[in-house]
Amino acid sequence: MSFNLTMIGQSIAFFVFWWFCQAKVWPLFANILEQRKQKIADGLEAGARGEKDLEQAQVKVTEQLKEVKAQAANIIDQANKRASQIVGEAKDQAREEGQRIIAGAKAEIEQEINRAKESLREQVSAIAIAGAEKILESSIDQAANEEMLSKLAAEL
Amino acid sequence: MAELAEAAQAAVEHGAEALTVQEYITHHLSYLTYGKHVDGSWGLAHTPEEAVDMGFWSIHVDTLGWSIFIGAAFLLFFRYIGKQATVDTPGGMQNFVEMIFEFVDARVAEGFNGKNPLIAPLALTIFVWIILMNTMDLVPVDWITGLATLVGEYVFGLEHMSFKIVPTTDVNITMGMSLSVFALILYYSIKMKGLGGFLSELAFHPFGKWMLPFNLIIEVPTLFAKPISLGLRLFGNLYAGELLFLLIASMLGVVQLPAHFVWAVFHLLVIPLQAFVFMMLTIVYLNAAHETHDH
């Protein structure tokens, strides 16, 4: 076991390698691991944030759903009201129309009756005149007149 | 493994006489040494004796070369992976490197209380570097060494060239690292506590100022025991492992294949464990160096 320059050489190599390692090797891996740690932390944080966001979104969705349901109910309500209103109006209109038609029909009937009466009167007077002429042509016979008149009257 | 060992052995025999077990092991435990010869000239040592004679002014080209090659390869590979790494879709290799990174980072986080961003990269460098250097022990002992011996003989004309490929079986390598850690312990102790604080920690603990000599007797050896135990523990474990591989390869003949396998399985535990121990102790020592006591 003898000591010689090899020992000095190894010591120099030792310090050179140490320097190289701390300057050129160690920081590379320290950096990468640090970055990865940061990235994982960021990812986890983002995950937690996403979960929270999701929860909030769900709460919001439930709220909005409730609101929307209320609105829908409201709209249906209004629609129902409007429908019944329309139906009511339609009924009123129909009744009025019916009455107007009835009134028109009655007026026409009245007119028809009047017309019929008029023509009847004309015919009656014609008949009366014709009867009078006949009576005048034949002798004036009371009994016959009576009979004729009653016949006339029956004819009216 | 057995065939290759035999082939290598045959190749060695081809160059010279057959090796005895002792020669084989000595060959494998010697280094490819470059240094100052006794006559003052610089060059490769041709025999183990020559290498020993060089004394301090020599370098183990093989272990230091492998150590630097492995360290550079690991750091460049990690940098390459880190460069093309993505945050979102990490590939298989990136996952693997990140796993090691996070493992080391967690150990530093629980073992080091100070605020020094340089400690974690230090721990990563030590851990992966030592694991890879230790893993070289699993390469069958004659593969690369045998090839290198052939290359040495036919290309460079070196007879019986040694070529050790496991840097952590070289006490110079392990002590080089543990003494570097020791230098860091001293540097940070003085930086964080001040020279006075550091010296008073040696002098006034654990028994207060009236037992100063006694404190010094306890604390100073404790301080120096740190780098020595750190370096020698790693060296001892790997050296013993390597030696057993060599004994199996040199003495067991045909039976060596299962024996190698069994020992390699045991050694698989030692390889990461020793790297882990070296890293953890470095973290603990440097943590103590950063702690400032208020008494």
**Asked** Hey, what D do you get for the range B:145-216 in µm²/s if you plug the Kirkwood alpha-carbon radius into Stokes-Einstein at 10 °C and 1.306 mPa s?
**Response** 98 µm²/s
**Within-13-Å neighbourhood charge of A:K39 [Cβ basis; K, R +1; D, E -1]** = -2
**Prompt:** Roughly how crowded by other chains is peptide B:171-179, in terms of the mean Cβ count from those chains within 10 Å of each of its Cβ atoms?
**Reply:** 6
**Helical mean residue ellipticity (222 nm; -39500 (n - 2.57) per DSSP H run of 4+; nearest 500) of chain B** = -25000 deg cm²/dmol
**Asked** Which lysines have a Cα less than 22 Å from the Cα of B:K209, not counting those fewer than 8 places away in the same chain?
**Response** B:K193
**Message:** Bin width 5 Å, origin at 0, all Cα-Cα pairs of the range B:49-134: what percent of pairs per bin?
**Reply:** 3, 12, 18, 17, 16, 13, 8, 5, 5, 3, 1, 0
**Message:** What distance in nm lies between label points placed 7 Å from Cα along the C-beta direction at A:N74 and A:L44?
**Reply:** 4.7 nm
**Asked** When Rg is the radius of gyration of the Cα atoms in chain A and Rh is its Kirkwood radius, what does Rg/Rh come to?
**Response** 2.07
**Prompt:** Just how far, in whole angstrom, is the range A:78-156 from the range B:160-196 if you go by their alpha carbon centroids?
**Reply:** 146 Å
**Total lysine pairs under 25 Å (Cα atoms) in chain A, excluding pairs fewer than 8 apart on one chain** = 15
**Fill in**
Counting all Cα-Cα pairs in the range A:63-147, those more than 14 Å apart amount in percent to 80 percent
**Item:** Size of electric dipole in the range B:54-120: Cβ of Lys, Arg +1 and of Asp, Glu -1, about Cα centre, debye, nearest 20
**Value:** 200 debye
**Asked** For the range B:217-295, what is the per residue volume of the convex hull drawn over the alpha-carbon atoms, in cubic angstrom?
**Response** 90 Å³
**Asked** Can you tell me the Rg and Dmax of the range B:104-167, counting just the alpha carbons, in angstroms?
**Response** 18.9, 56
**Request:** Please order B:W143, A:W18 by the number of other Cβ within 10 Å, starting at the fewest.
**Result:** B:W143, A:W18
**Complete:** In chain B, whole DSSP H helices that both stretch 30 Å or further along their axis by alpha carbon positions and average at least -0.5 on the Kyte-Doolittle scale are B:61-83, B:171-204, B:212-251, B:256-290
**Message:** Within a 10 angstrom radius of the beta carbon, how do A:T62, B:T149, A:T6, B:T89 rank from fewest other beta carbons to most?
**Reply:** B:T89, A:T62, B:T149, A:T6
**Prompt:** So what does the Cα-only Debye profile of the range B:162-276 read at q = 0.15, 0.17 Å⁻¹, as log10 I(q)/I(0), no solvent term?
**Reply:** -0.77, -0.88
**Request:** Amide H neighbours of A:F3 under 5 Å, at least 5 residues apart or on other chains, H built in the peptide plane: list them.
**Result:** none
**Request:** Quote to one decimal, in nm, the extra length available between B:E291 and B:L247 on full extension: 0.36 nm per residue of separation minus the C-alpha distance between them.
**Result:** 11.2 nm
**Prompt:** With a sphere of radius 14 Å drawn around the Cβ of A:V61, what net charge do the other residues whose Cβ falls strictly inside it have (Lys, Arg +1; Asp, Glu -1)?
**Reply:** -1
**Request:** Obtain the radius of gyration and the Kirkwood radius of chain B from its C-alpha atoms and give Rg over Rh.
**Result:** 1.05
**Message:** Given bins 10 angstrom wide, list per bin the percent of all Cα-Cα distances in the protein assembly as shown, short to long.
**Reply:** 4, 13, 16, 14, 10, 6, 3, 3, 3, 3, 3, 3, 3, 3, 3, 3, 3, 3, 2, 1, 0
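Values in this text are rule-based calculations from the coordinates and carry no lab data. Note that this is a predicted model, so its numbers are computed, not measured. Quick reminder, even Gly has a Cβ in these numbers, built from the backbone with ideal geometry, and neighbours come from all protein chains shown.
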